[in-house]
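Each remark here refers to the structure printed beneath this line.
The values are calculated or read from the model by the stated rules, or taken from the named source; none is laboratory data. Quick caveat: nothing in here was measured; it's all calculated off a predicted structure. Counting neighbours? That spans all protein chains shown, and the Cβs are built from the backbone with ideal geometry, glycine included. Accessible surface is based on the protein model in full, side chains and every heavy atom, while ligands, DNA and RNA are left aside. Shrake-Rupley method; radii C 1.70, N 1.55, O 1.52, S 1.80 Å.
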Amino acid sequence: MSMCAKVFRRHWKIFLGMTVFVGIFSAVYEYFGHGVMSDSMIYAFLYPLILGVMPMIALAYLDSMKKIAYGGMIRVGINLFYSGIATLTVGSLATGVVEIYGTTNRLLKYYFYTGLLLLVIGSIILAVSLARAVNQCGREK
């Protein structure tokens with residue numbers, strides 16, 4: 001298994017690419033939106049930036065992450081957390097598309113609730129798993 005710090009270093013770069021892609025996609029969609037603007041579309045890039053890039057940079061450069069193996073419940077927590085980021089981003093883009101089109105849809109709010117739920121569950125699992133792994137590494141010394 002690879003070490004967590006190494007995995008997180010790779011992941012923050014992927015999230016940075018996602019941030020750039022979503023930002024460019026939003027700008028192009030807004031450009032062809034005939035002057036109609038949507039805050040959901042404009043700020044969709046913030047989800048992968050704030051929730052993906054920043055925490056992964058912090059985790060990648062913590063000394064305690066260099067000793068922890070990536071797998072098991074850590075992987076489950078990360079996958080749920082990433083799914084939450086993806087759900088929030090796609091939901092924001094979908095809401096922006098609908099707003100630019102000039103209509104509404106009551107079902108779009110569930111993207112936000114689902115994404116938030118995935119983030120919370122993933123964060124809890126990840127925090128508990130990382131704390132256990134750090135604690136276990138500390139006892140091995």
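Mind telling me which of the residues G71, G96, G115, G91 ends up being out of contact with any Cys (no Cβ under 7 Å at 6 or more places or on another chain), open to solvent by less than 50 Å² (accessible area, probe 1.4 Å) and outside any helix (DSSP H, G or I)?
That would be G71, the only listed residue that is out of contact with any Cys (no Cβ under 7 Å at 6 or more places or on another chain), open to solvent by less than 50 Å² (accessible area, probe 1.4 Å) and outside any helix (DSSP H, G or I).
Residues L108, L80: which one is surrounded by 19 or more Cβ atoms within 10 Å (Cβ to Cβ) and either over 13 Å from the mean Cα position of the chain (by Cα) or aliphatic (A, V, I, L, M) (or both)?
On the way: L108 fails: surrounded by 19 or more Cβ atoms within 10 Å (Cβ to Cβ).
So the residue among L108, L80 that is surrounded by 19 or more Cβ atoms within 10 Å (Cβ to Cβ) and either over 13 Å from the mean Cα position of the chain (by Cα) or aliphatic (A, V, I, L, M) (or both) is L80.
Taking the criterion of being assigned to a helix (DSSP H, G or I), in contact (Cβ under 8 Å) with a residue 24 or more places away in the chain and not hydroxyl-bearing (S, T, Y), would at least one residue in the range 102-110 satisfy it?
No, the range 102-110 has no match at all.
Condition check ((1) open to solvent by less than 50 Å² (accessible area, probe 1.4 Å); (2) modelled with pLDDT under 95; (3) part of a helix (DSSP H, G or I)) across all residues:
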position: I14; (1), (2), (3): no, yes, yes
position: V20; (1), (2), (3): no, no, yes
position: S26; (1), (2), (3): yes, yes, yes
position: H34; (1), (2), (3): no, yes, no
position: M41; (1), (2), (3): yes, yes, yes
position: L49; (1), (2), (3): yes, no, yes
position: I57; (1), (2), (3): no, yes, yes
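So that you can scan it fast, the table gives a plain yes or no per residue for (1) within 19 Å of G122 (Cβ to Cβ); (2) more than 17 Å from the chain's Cα centre (by Cα); (3) free of Cβ contacts under 8 Å to residues at least 60 places away in the same chain:
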{"residue": "I14", "(1), (2), (3)": "yes, no, yes"}
{"residue": "G23", "(1), (2), (3)": "no, no, yes"}
{"residue": "F32", "(1), (2), (3)": "no, yes, yes"}
{"residue": "G35", "(1), (2), (3)": "no, yes, yes"}
{"residue": "L51", "(1), (2), (3)": "yes, no, no"}
{"residue": "A58", "(1), (2), (3)": "yes, no, yes"}
{"residue": "Y61", "(1), (2), (3)": "no, yes, yes"}
{"residue": "V76", "(1), (2), (3)": "yes, no, yes"}
